[in-house]
Amino acid sequence: MSETRVDARNLLCPMPVIRTQDAVAGCAPGDRVSVWCTDPGVVYDIPAWCRVHGHAVCDIRQGENEIIIEIQVGETD
Amino acid sequence: MNNPRKAVALISGGLDSLLAARVVMEQGVHVEGINFFTGFCVEGHTHAIREKDRARPKRNNALWSAEQLGIKLHIVDIIEEYKDVVINPKHGYGANLNPCLDCKIFMVNKAHEWLEAHGFDFIITGEVIGQRPMSQRKDTMPVVARDSGAGDRLVRPLCARNLPPTLPELEGWLDRDKLFGFNGRSRKPQMALAAQYGFEDYAQPAGGCCFLTDKQYSVKLEDLWKTRGTREYDLDDIMLLKVGRHLRPRADFKMIVGREEGENRFMEGYRKRFVHMIPVSHVGPLVLLDGEIDDAAIELAARLTARFSKGRDAELVTIEVNNRKGGSHRLDVTPIPADEIPADWYI
Ligand code: SF4
């Protein structure tokens with residue numbers, strides 16, 4: 001099981017979603033991906049992207065300046 | 001069906017592409033969505049930037065469509081390749097700088113490449129003959145199919161019965177009788193079909209799916225191209241055209257003035273790239289200066305910045321001026337009177 005960190009700070013949606021998608025494409029089921037973002041829109045868009053692709057959002061931490069979203073990769077095809 | 005045929009649907013986030021995908025899914029076809037990010041998409045950005053838009057819950061309409069349909073959505077970054085479409089559209093522009101026909105051809109071509117790479121069988125779009133004056137006409141439909149390379153693997157389920165049968169219809173993968181023959185500008189047939197499928201709260205973009213259909217935005221882009229002497233642009237350029245008040249007090253420089261807190265915060269991310277200024281004696285906007293910045297430009301821009309601050313009626317306003325290297329100095333300036341700002345300074 002691997003852990004990947006995606007730096008999507010200072011990017012506006014949908015770029016953080018695209019970066020997440022690219023990172024997840026190289027992962028196996030069960031791998032963890034944490035996405036670091038600044039656009040508040042990611043708290044809607046990344047979970048929506050995870051739902052349609054069958055990945056789990058384990059945690060969303062909202063700090064003052066950044067948002068960190070933890071994802072567990074589901075079955076990929 | 002053991003091995004259903006597979007189709008990739010262009011999902012814009014609007015109603016037509018949502019319905020088109022649904023009509024094909026109804027016939028047992030496996031559908032996945034594809035959505036292209038050009039940098040000009042209306043989607044999301046203004047929401048992230050502008051404070052007043054944050055009151056509405058944010059939603060990416062393409063992802064929302066995919067959720068409604070229960071399909072996967074692949075979002076593809078085409079920012080770089082799309083530049084040529086915007087800069088040199090073979091079929092020209094629409095009412096503003098929207099190269100809709102070339103854009104459609106390009107996107108269908110990209111979807112076709114995706115189809116070949118992933119072993120899918122055909123492409124779905126939500127096009128309707130006569131719906132849009134430039135890109136969705138009876139005579140442009142075959143142009144999109146031909147020039148994109150998709151040929152008869154391009155299906156428009158909402159108006160298919162007004163067009164020659166495509167490969168999926170001829171092969172029996174799709175029953176033509178269950179496709180539609182919508183035609184013209186009316187939205188009623190789509191709304192009725194949406195009601196039939198139980199879709200509510202779908203997005204209804206007024207002009208189109210991107211900023212290039214917006215007059216004000218196109219004027220700013222034209223100004224950028226003209227004053228730079230080149231039509232090249234990068235993502236930051238086109239993002240900044242979505243933000244702030246733009247003024248060109250002299251041919252060789254432009255000011256971008258934050259209109260509210262959200263915009264100021266967004267523009268802060270660009271401080272290293274531009275000479276910028278902010279009032280310090282009074283509350284006021286962050287201002288980015290783009291172009292040839294000499295002392296006279298700084299003086300004029302500072303007086304304008306003072307004008308847009310809460311100190312507009314004060315005798316003097318102190319402005320902090322920051323250069324690109326991180327150095328700064330302060331200037332005390334008289335705010336420029338409103339009647340000394342010619343209307344044509346506003347882009
Ligand atoms: S509105 Fe914009 S995204 Fe939509 S077809 Fe026209 S140019 Fe392309």
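Could you please let me know if B:D152 is among the charged types (D, E, K, R), away from the ligand (no atom under 16 Å from the Cβ), more than 18 Å from B:A21 (Cβ to Cβ) and in contact with a helix residue (DSSP H, G or I) (Cβ under 7 Å, 6 or more places away or on another chain)? Steps first, please.
Details: among the charged types (D, E, K, R): yes; away from the ligand (no atom under 16 Å from the Cβ): yes; more than 18 Å from B:A21 (Cβ to Cβ): yes; in contact with a helix residue (DSSP H, G or I) (Cβ under 7 Å, 6 or more places away or on another chain): yes.
Answer is yes for this residue.
Of a type outside the set (S, T, N, Q) and away from the ligand (no atom under 16 Å from the Cβ), is that true of B:L241?
No; evaluated as a whole, the condition is false for this residue.
For segment B:8-27, give me each residue that is within 25 Å of the chain's Cα centre (by Cα) and of a type in the set (A, V, I, L, M, F, W, C).
Matches in segment B:8-27: B:V8, B:A9, B:L10, B:I11, B:L15, B:L18, B:L19, B:A20, B:A21.
Within segment B:65-82, take every residue that is within 15 Å of A:D22 (Cβ to Cβ), not charged (D, E, K, R) and not in a helix (DSSP H, G or I) and give me the one that is farthest from the other protein chains (Cβ to nearest Cβ).
B:I78
Condition first: more than 10 Å from the ligand (Cβ to nearest atom) and either on the phi > 0 side of the Ramachandran plot or crowded, with 16+ Cβ neighbours inside 10 Å (or both). Now tell me which residues in segment B:90-103 satisfy that.
Matches in segment B:90-103: B:H91, B:G92.
Mind listing whichever residues of segment B:71-84 are surrounded by fewer than 21 Cβ atoms within 10 Å (Cβ to Cβ) and touching a helix residue (DSSP H, G or I) at 6+ places or on another chain (Cβ under 6 Å)?
If the condition is that a residue be surrounded by fewer than 21 Cβ atoms within 10 Å (Cβ to Cβ) and touching a helix residue (DSSP H, G or I) at 6+ places or on another chain (Cβ under 6 Å), then B:K72, B:D77, B:I79 are the ones that fit.
Kindly indicate which of B:V143, B:V85 is of a type in the set (V, I, T), within 13 Å of the ligand (Cβ to nearest atom) and either away from chain A (no Cβ under 14 Å) or not in a helix (DSSP H, G or I) (or both).
Within the list B:V143, B:V85, the selection yields B:V85.
Exactly one condition in (1) away from chain A (no Cβ under 14 Å); (2) more than 16 Å from the ligand (Cβ to nearest atom); (3) touching a residue at least 40 places away in the same chain (Cβ under 8 Å) is false for B:G258; which is it?
(3)
Pairs only if they're at least six apart or on different chains, beta carbon under 8 angstrom, first in segment A:40-55 and facing chain B (nearest Cβ under 7 Å), second basic (K, R) and assigned to a helix (DSSP H, G or I); list them, first residue then second.
As it stands, the answer is A:P40/B:R54, since those pairs meet every condition given.
With the checklist (1) of a type in the set (G, A, S); (2) more than 22 Å from B:F266 (Cα to Cα); (3) in contact with a helix residue (DSSP H, G or I) (Cβ under 8 Å, 6 or more places away or on another chain) in hand, flag the one item A:A23 doesn't pass.
Of everything listed in (1) of a type in the set (G, A, S); (2) more than 22 Å from B:F266 (Cα to Cα); (3) in contact with a helix residue (DSSP H, G or I) (Cβ under 8 Å, 6 or more places away or on another chain), A:A23 misses just condition (3).
Checking A:V33 against (1) among the β-branched types (V, I, T); (2) more than 10 Å from chain B (Cβ to nearest Cβ); (3) free of Cβ contacts under 8 Å to residues at least 12 places away in the same chain, which single condition isn't satisfied?
Here A:V33 clears every test but (3).
For residues in segment B:88-126 being closer than 26 Å to A:L12 by Cβ and not in a helix (DSSP H, G or I), which is nearest to the other protein chains (Cβ to nearest Cβ)?
The selected residue is B:G126.
If I filter segment B:104-136 down to residues being more than 21 Å from B:L19 (Cα to Cα) and either near the ligand (Cβ under 10 Å from one of its atoms) or surrounded by 24 or more Cβ atoms within 10 Å (Cβ to Cβ) (or both), which single residue comes out as nearest to the chain's Cα centre (by Cα)?
B:F106
Out of (1) touching a residue at least 12 places away in the same chain (Cβ under 8 Å); (2) open to solvent by 20 Å² or more (accessible area, probe 1.4 Å), what's the single condition that is false for B:R146?
Tallying (1) touching a residue at least 12 places away in the same chain (Cβ under 8 Å); (2) open to solvent by 20 Å² or more (accessible area, probe 1.4 Å), B:R146 fails exactly one: (1).
Return the total of residues in segment A:44-69 being more than 9 Å from the chain's Cα centre (by Cα), of a type in the set (A, V, I, L, M) and open to solvent by less than 40 Å² (accessible area, probe 1.4 Å).
Qualifying residue count for the region: 3.
Could you grab me the full set of residues in segment B:306-347 that are more than 27 Å from B:D223 (Cβ to Cβ), out of contact with any strand residue (DSSP E or B) (no Cβ under 6 Å at 6 or more places or on another chain) and surrounded by 12 or more Cβ atoms within 10 Å (Cβ to Cβ)?
Within segment B:306-347, B:K310, B:A314, B:T334 meet the criteria.
The values are calculated or read from the model by the stated rules, or taken from the named source; none is laboratory data. Just so you know, these numbers come straight off a predicted model, no measurement behind them. With ideal geometry, Cβ positions are generated from the backbone for all residues, glycine too; neighbour counts draw on all protein chains shown. With ligands, DNA and RNA removed, areas are computed over all heavy atoms of the protein, side chains included. Shrake-Rupley method; radii C 1.70, N 1.55, O 1.52, S 1.80 Å.
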